[in-house]
Amino acid sequence: MKKILLLSIVLLTFTKLATAQEGVRFENITLDQALAAAKESGKLVFVDCYTSWCGPCKKLSSEVFPQKVVGDYINERFVSVKYDVEKEEYKFIAKQYEVNAYPTMLILSSNGEVMDKILGYKTADKLIQSIENSFDRERSLAGLKEKYQAGNMDKLKLVEYYQKLMNERSAEAFEVGEKLYALLSEQERMSNTFWHFYSDERLTPHGSQRFDHLKANYDEFCTNIGKEKVDNVLVREWVKMLKPAISFDDKLNVKELEGIREEYIALGFGKEARLEHPYELAISCQSKNTGKLIKIYGKLLDKDDVAVRYWANVADIIDKSGSGKDKQEWIEISRKVYGMTEDKTLKLVIDLVIEKLNK
């Protein structure tokens, strides 16, 4: 019996070793050593940039990299290394290669040039296809960059390059995006093909030329894109202006707040609770009267549960500036909010705030 058990353990150990060897062989060497090894062997360098907290990184490491099909493909073509780029000794890699999301896999030439970047979790077949695309000068980051710098890009190719840069969160994306936008006709700017210039909140902040263009051509955008999508972008930007003003820190004055309200009323958003609630709360904050703010919040809460999402903003004010009476009133309102939300994190925070205010 002992011999059978021992044999089973030995077989299991060899099976695990064989499986491990079938997958991607990651070398325990520095990046410089990997580049030198690639140059000597005529291969490229595959770099898995991960962090200790990244779930998709762990999934890649446990489910994809150990597969034989992935190992056979990568081991033949690459010297492979992996680094936790949040560790002090590897932070330079994230900085040098603009790694801003995880996982990011770098495809490097033996001289350290970025041929391509692959972002996010990929299944085995999709990872292999993504790497294959890296060898295609028409689709790879290096190939597209070469065309862009040579000025050999039509608008559609410029879109492809721009979107690739945006996906990789490259600093160059905004420069390329502005060049592309300047080339577009008025009709192209209002088409589905280029809607990302408006839907991406990094590109259409309140007060920008694109935000004003969206307002000025609201009806045509609604026809081309769909009213719900257009409305959501506009509301998103108005709320981003109003929400920080729900404080006693004078983020915006009354005149500026009224100007924002005039904007959205002019486009027919005057009855939108998702705008009117933060507006009324922001205006009430101008008085620096915590009692008045609590009454307005309670009234809005009775009208619509939209007010729930601003509980934390008002709670911060009451905690910092409220009187003892204010705090007791806020505890009662907070209990009501607790019963209205399904958000477990919010419920936990409400419990903590109630406990703090009761002391």
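Please treat every number below as a calculation from the coordinates, not as lab data. Note that the coordinates shown come from a computational prediction; the quantities given were computed from them, not determined experimentally. Methodologically, a virtual Cβ is constructed for each residue, glycine included, from the backbone with ideal geometry; neighbour enumeration extends over all protein chains shown.
Given the rule -39500 (n - 2.57) for each run of at least 4 DSSP H residues, summed and divided by the residues of the chain, what is its mean residue ellipticity at 222 nm, to the nearest 500 deg cm²/dmol?
Details: 20 runs with 221 residues, N = 359.
After summing the helix terms and dividing by residue count, I get -18500 deg cm²/dmol.
Could you list the chymotrypsin sites (Phe, Trp or Tyr not before Pro) in region 48-79 that lie in coil according to DSSP, counting only those with at most 14 other Cβ atoms within 10 Å of their Cβ?
In loop regions of region 48-79 (DSSP not H, G, I, E or B), the sparsely surrounded chymotrypsin sites (Phe, Trp or Tyr not before Pro) are TRP53.
Taking percent of Cα pairs over 35 Å apart as the quantity of interest, determine which of (1) 25; (2) 50; (3) 21 was computed from the displayed structure.
(2)
Hey, which aspartates and glutamates would be in cross-link range of LYS243, C-alpha to C-alpha under 12 Å, not counting anything within fewer than 8 residues on its own chain?
By straight Cα distance, LYS243 reaches GLU276, GLU280.
Ranked by Cβ crowding within 10 angstrom, fewest neighbours first, how are CYS285, CYS222, CYS54 ordered?
The order, fewest Cβ neighbours first, is CYS222, CYS54, CYS285.
Give me the percent of DSSP beta bridges within region 21-135 that run antiparallel, rounded to the nearest 5. Don't jump to the answer; show the numbers that get you there.
Details: 10 of 18 bridges.
In region 21-135, DSSP labels about 55 percent of beta bridges as antiparallel.
Under 22 Å between alpha carbons, and skipping anything fewer than 8 positions from LYS155 in its own chain: which lysines qualify?
Once the sequence-local lysines are set aside, what remains near LYS155 is LYS145, LYS147, LYS164, LYS179.
Please list, in chain and number order, the residues 5+ apart from SER80 or on another chain whose amide H is under 5 Å from its amide H, with Hs placed from the backbone.
Close amide H contacts, sequence-distant or interchain: GLU27, PHE46.
Using the structure shown, select from LYS288/LYS347; LYS91/LYS122; LYS303/LYS344; LYS215/LYS255; LYS303/LYS359; LYS255/LYS347 the pairs with a Cα to Cα distance greater than 29 angstrom.
Over 29 Å apart, Cα to Cα: LYS303/LYS359; LYS255/LYS347.
Work out how much length THR223 to THR341 would gain on full extension: take 0.36 nm times their residue separation and subtract the Cα-Cα distance, in nm to one decimal. Can you show the working numbers first?
Numbers: separation 118, 0.36 × 118 = 42.48 nm, distance 3.53 nm.
Result: 38.9 nm gained on full extension.
Run the numbers for ALA216 and LYS126: contour at 0.36 nm per residue of separation, minus the present Cα-Cα distance, in nm.
That works out to 28.2 nm of additional length.
Starting from the 7 Å offset along Cα-to-Cβ, what nm value, one decimal, do you get for the label separation of GLN286 and ASP200?
That separation, rounded to one decimal, is 3.6 nm.
Just to verify a number: FRET efficiency for LEU267 and GLU332, C-beta to C-beta distance, R0 = 41 Å, to 0.05?
The calculated FRET efficiency here is 0.65.
Pop out the ³J(HN,Hα) list for region 186-195 in order, Karplus 6.51 cos²θ - 1.76 cosθ + 1.60 with θ = phi - 60°, rounded to Hz; leave Gly and Pro as x.
Along region 186-195, the couplings run 4, 5, 5, 5, 9, 9, 4, 4, 10, 4 Hz.
Between ALA142 and ARG25, what is the label-to-label distance in nm when each label sits 7 Å out along the Cα-to-Cβ direction?
According to this spin-label approximation, the distance is 2.2 nm.
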